[in-house]
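Here the structure is laid out as structure tokens; the discussion comes afterwards.
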Amino acid sequence: FDPNAMSVEAALENILKSISSIKTSECVDLKSAYSRILSKNIKSKISVPNYKNSAMDGYAVNVGDFNVKNKTYDCIGESFAGNPFLKPVKKNQAIKIMTGGMVPSGCNAVIMKELITKKGGVISTKSRIIKDQNIRFPGEDIKKNEIVLKAGNKVDEIDIGILASLGIDRVSVKKRPVVGFVSTGDELVSIKKPIKISQVYDSNRYLLHGLLKKYPVEIKDYGVVKDKIKSIEKKFVEASSNCDVLITTGGVSVGDADYVKEVLEKLGKVNFWKIAVKPGRPLAYGKIKKCIFFGLPGNPVSVVVTFNLFVNAALNKLMGKGQDHLLSLEAELLTSVKKRKGRKEYKRGILINKKNKLYVRKSGLQGSNILSSVKDANCYIELSENMGEVPKGAKVKVLPFTLTSEYYE
């Protein structure tokens with residue numbers, strides 16, 4: 001327990017208060033808008049659908065008396081999608097219609113073709129007909145002048161489909177922030193070079209690149225910098241002058257060669273650098289001029305957890321997107337979990353649904369250097385600061401990564 005460490009909640013509040021959303025925007029074509037953040041509300045200029053049409057294949061009819069069950073109608077024409085029947089339909093008349101076909105004037109119901117008997121030019125049905133059955137009305141999906149997408153919305157494939165249905169080919173989106181990252185450490189070696197004893201391959205830059213690919217940001221990789229103050233300072237000056245956000249990994253602990261916090265204090269401002277969380281306690285947050293700075297721990301699991309907890313929130317705020325509200329569930333522990341009181345912990349877990357009851361277990365060894373514990377996991381097991389060792393069978397809070405069938409056995 002470190003009394004000087006900041007709680008997860010206080011750290012998040014500090015981060016969000018210190019960040020302002022990007023004001024600049026740009027207009028992009030619809031296909032390029034995928035995953036971008038809308039800068040303006042989008043209103044529909046038309047109704048969808050914009051005409052009365054059939055919900056199925058069958059016959060559009062003008063019913064004179066809805067109380068009569070056995071009815072016959074004279075079929076006088078056809079209405080297909082894009083090729084409508086434009087004449088008015090009189091009482092007890094019908095037209096053959098396909099799904100999406102325009103319902104002609106006078107028709108007040110559509111009868112499924114399976115419920116129709118046809119003889120010559122006359123159709124009949126024994127089914128009771130309800131007024132407006134199987135008819136789609138104008139504006140049923142989207143009404144004219146309705147706000148269909150709000151500013152701050154992250155555009156997905158469904159949004160693109162909706163915008164296309166409205167005839168919108170260009171949208172205004174937030175300008176993409178530039179996010180740079182750099183690894184620190186004398187022990188780090190590029191993956192293209194042979195490794196020696198006491199060295200490790202630099203996986204964090206590739207890990208961060210993968211994490212950032214999920215966001216509408218411009219990514220800059222500033223490589224590896226050795227544990228020398230002058231080298232770190234030079235790299236930070238270069239990167240911070242070209243980026244909106246700079247993320248480093250390693251060098252934020254209390255070792256003799258951990259210089260990130262010292263350089264950050266010299267070049268800018270340190271808001272905090274220790275959080276009551278495991279994994280990820282040594283995390284430096286601040287700014288170098290206008291550049292937001294995150295000094296993440298060096299262990300890869302700590303990078304993933306602190307990125308998900310803190311960098312994600314910062315990027316959402318910067319891009320003008322609403323904050324993510326993670327789904328939390330309660331599950332029964334299949335094994336006991338060791339923990340010390342004093343800080344919040346995020347164990348990597350495997351969530352299972354057995355006969356509609358949720359269970360969870362650890363996904364292997366939980367060391368902050370064991371990246372496979374994240375690969376095999378589908379959730380975090382969140383344990384609060386005041387919890388100690390948690391016994392098998394206890395109910396715990398879990399945060400699923402996604403909602404997929406892999407939870408079920």
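The rows are residues; the columns are (1) open to solvent by 20 Å² or more (accessible area, probe 1.4 Å); (2) among the basic types (Lys, Arg); (3) touching a helix residue (DSSP H, G or I) at 6+ places or on another chain (Cβ under 7 Å).
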position	(1), (2), (3)
CYS75	yes, no, no
SER79	no, no, no
LYS87	yes, yes, no
ALA109	no, no, no
Margin query: Pairs needed: first member in the range 1-12, in a helix (DSSP H, G or I); second member anywhere, open to solvent by less than 40 Å² (accessible area, probe 1.4 Å); C-beta distance under 6 Å; at least 6 residues apart or different chains.
Written below: VAL8/VAL277; VAL8/LYS344; ALA11/ILE275; LEU12/ALA313
Margin query: Going through ILE142, ILE129, ILE123, ILE116 one at a time, which residue ends up being in contact (Cβ under 8 Å) with a residue 24 or more places away in the chain, touching a Cys at 6+ places or on another chain (Cβ under 9 Å), over 25 Å from SER21 (Cβ atoms) and surrounded by 13 or more Cβ atoms within 10 Å (Cβ to Cβ)?
Written below: ILE123
Note to self: Criterion first (assigned to a helix (DSSP H, G or I), open to solvent by 10 Å² or more (accessible area, probe 1.4 Å), closer than 26 Å to ASP186 by Cβ and touching a strand residue (DSSP E or B) at 6+ places or on another chain (Cβ under 6 Å)) does LYS266 satisfy it?
What the structure shows: no
Next item on the list: May I ask you to say which residue of VAL182, VAL155, VAL189 is modelled with pLDDT under 85 and open to solvent by less than 40 Å² (accessible area, probe 1.4 Å)?
Entry: VAL189
Item checked: Candidate set: the range 216-263, residues that are open to solvent by less than 10 Å² (accessible area, probe 1.4 Å), free of Cβ contacts under 8 Å to residues at least 60 places away in the same chain and in contact with a Leu (Cβ under 7 Å, 6 or more places away or on another chain); chosen: the one farthest from ILE288 (Cα to Cα) -> VAL252
Checklist line | Residue check for ALA33: farther than 30 Å from LYS274 by Cα, surrounded by 14 or more Cβ atoms within 10 Å (Cβ to Cβ) and not basic (Lys, Arg) | finding: yes
Check: When you go through ASN134, ASN92, ASN53 one by one, which is the residue that is surrounded by fewer than 19 Cβ atoms within 10 Å (Cβ to Cβ), more than 30 Å from GLY322 (Cβ to Cβ) and not β-branched (Val, Ile, Thr)?
Finding: ASN92
Check: Which ones in the range 299-320 are in contact with a helix residue (DSSP H, G or I) (Cβ under 8 Å, 6 or more places away or on another chain) and over 27 Å from ILE350 (Cα atoms)?
Finding: ALA314, LYS317
Checklist line | Residue match in the range 200-214 (condition: farther than 30 Å from LYS347 by Cβ and open to solvent by 20 Å² or more (accessible area, probe 1.4 Å)) | finding: no
Next item on the list: Would you mind telling me which numbered condition in (1) among the hydrophobic types (A, V, I, L, M, F, W, C); (2) within 26 Å of the chain's Cα centre (by Cα); (3) modelled with pLDDT of 90 or more VAL337 fails?
Entry: (2)
Margin query: Could you check the range 193-241 and list, in sequence order, the residues that are modelled with pLDDT of 95 or more, among the polar types (S, T, N, Q) and in a loop (DSSP other than H, G, I, E, B)?
Written below: SER241
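Take ILE42 and tell me if it is open to solvent by 60 Å² or more (accessible area, probe 1.4 Å), of a type in the set (A, V, I, L, M) and modelled with pLDDT of 95 or more.
For ILE42, the condition - open to solvent by 60 Å² or more (accessible area, probe 1.4 Å), of a type in the set (A, V, I, L, M) and modelled with pLDDT of 95 or more - is not met.
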Margin query: Condition (residue is among the charged types (D, E, K, R) and without any contact (Cβ under 8 Å) to a residue 24 or more places away in the chain) applied to the range 59-73: is it met by at least one residue?
Written below: yes
Item checked: Sole residue being within 21 Å of LYS214 (Cα to Cα) and charged (D, E, K, R), chosen from ASP29, ASP57 -> ASP29
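What's the total number of residues in the range 164-191 that are in a loop (DSSP other than H, G, I, E, B) and within 24 Å of VAL301 (Cβ to Cβ)? Show your work before the answer.
Restricting attention to the range 164-191, the residues satisfying the condition of being in a loop (DSSP other than H, G, I, E, B) are 166-169, 175-177, 185-187, 190-191.
Now narrow it down to the ones that are within 24 Å of VAL301 (Cβ to Cβ): 185-187, 190-191.
Residues meeting the conditions: 5.
The values are calculated or read from the model by the stated rules, or taken from the named source; none is laboratory data. Nothing here was measured: the structure is a model prediction, and the numbers come from that model. Ideal geometry is used to build each Cβ from the backbone, glycine not excepted, and the neighbour counts take in all protein chains shown. Ligands, DNA and RNA are excluded from the accessible area calculation, which covers all protein heavy atoms including side chains. Shrake-Rupley method; radii C 1.70, N 1.55, O 1.52, S 1.80 Å.
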